[in-house]
Structure formats: C-alpha cells, structure tokens
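Structure first, commentary second.
A short reminder: the numbers here are calculations on the coordinates, not readings from a lab. Source: prediction; values computed, not measured. Note that each Cβ is placed from the backbone with ideal geometry, even for glycine, and that neighbours are counted across all protein chains shown.
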Amino acid sequence: VAVKFLGPQLSFCKPAAGQSRPEWTNIKIENPCFFSSRVMYSEKDNMFRIPGSGGHLIGSWDPCNPSDDPKLHKVEFQNLPKLPMATRELMDSCFTSEHLVESRPTGETFLVKQYKKTAKNKEGVDIMKTEFLMVFK
C-alpha cells in the first residue's frame, strides 16, 4: 500500500508481510516535479512509480530497498501528432495531469496525459471536464 501526499512525501507499507503491526516506510522526495503527482504500483517490476509533472520523468522506488533516491527514467515523446494551432492553444489553456497505468497481462506501462477545463454541468455547477487524453506507450 502506498500513499503519495501533496509535497515531498511518499509512504508505503506491506500489510500482509507477516508482522503483527505493519510499519510504514516514509520516503522524502527531493525533486519537486513529483510533489503533486500520483503513485502507481508496477506488478511487473515490483516498484512504486510516480510520473513527474509534465510526464518527462518517471521516478521508481523499490519497496524492498527503500531509498530517498529514486531510479529515474527520462521519457522522450516521439511521433507526436501534428495538431492545428487552435487545438494546441486549447490544450495549452487546460489543466493537465499525468497518470501511469500498467496493462495486464503484458505488463506494458502507459503514460496518460489528461487535459481538463472548467465547464458548467446541467445544474450550472462548475466541474472539470476532460477535453483531451493522450496515451503514450
């Protein structure tokens, strides 16, 4: 189980590790690009992973060998679609978030970039509406 707090803390524990009372391991994340990101667990690699803001960096933490220094993977986006200027401007005006997902049974990891804007629902309440999704293998 992992909890990613807003800011420089990642905490995890193994509830079924045979201990009568599981202990939490706290990791201090130094790189601020991970401060507001979400954590995922890779079953394939047995690592916790966090995409950095913008998705250009992925940090990996091994729960069996905890360290404040993650294994870093630089992401290079290739074959990006050629989008019209109006679409790029709309994307630039959106709130973006990055999510890592792992496919079963292949274990392939995908980075999903979600672009949202504020919109009103039928009741006139402001909501965050997804405008675009980009998926990278």
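Key figures
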| quantity | calculated |
| --- | --- |
| Rg/Rh (Cα only; Kirkwood hydrodynamic radius) as it applies to region 2-136 | 1.04 |
| Of 12, 136, 55, farthest towards positive along the dipole that unit charges on Lys, Arg, Asp, Glu beta carbons give the chain | 136 |
| Estimated dipole of the chain in Debye, rounded to 20 [Cβ of Lys and Arg +1, of Asp and Glu -1, Cα centre] | 340 debye |
| Inter-part distance where region 89-113 and region 54-75 are each reduced to a Cα centre, Å | 17 Å |
| Rule-of-thumb Rg ratio for region 49-123 [Cα; 2.2 N^0.38 Å; N residues] | 1.43 |
| More than 20 Å apart - percent of Cα-Cα pairs taken over region 1-66 | 25 percent |
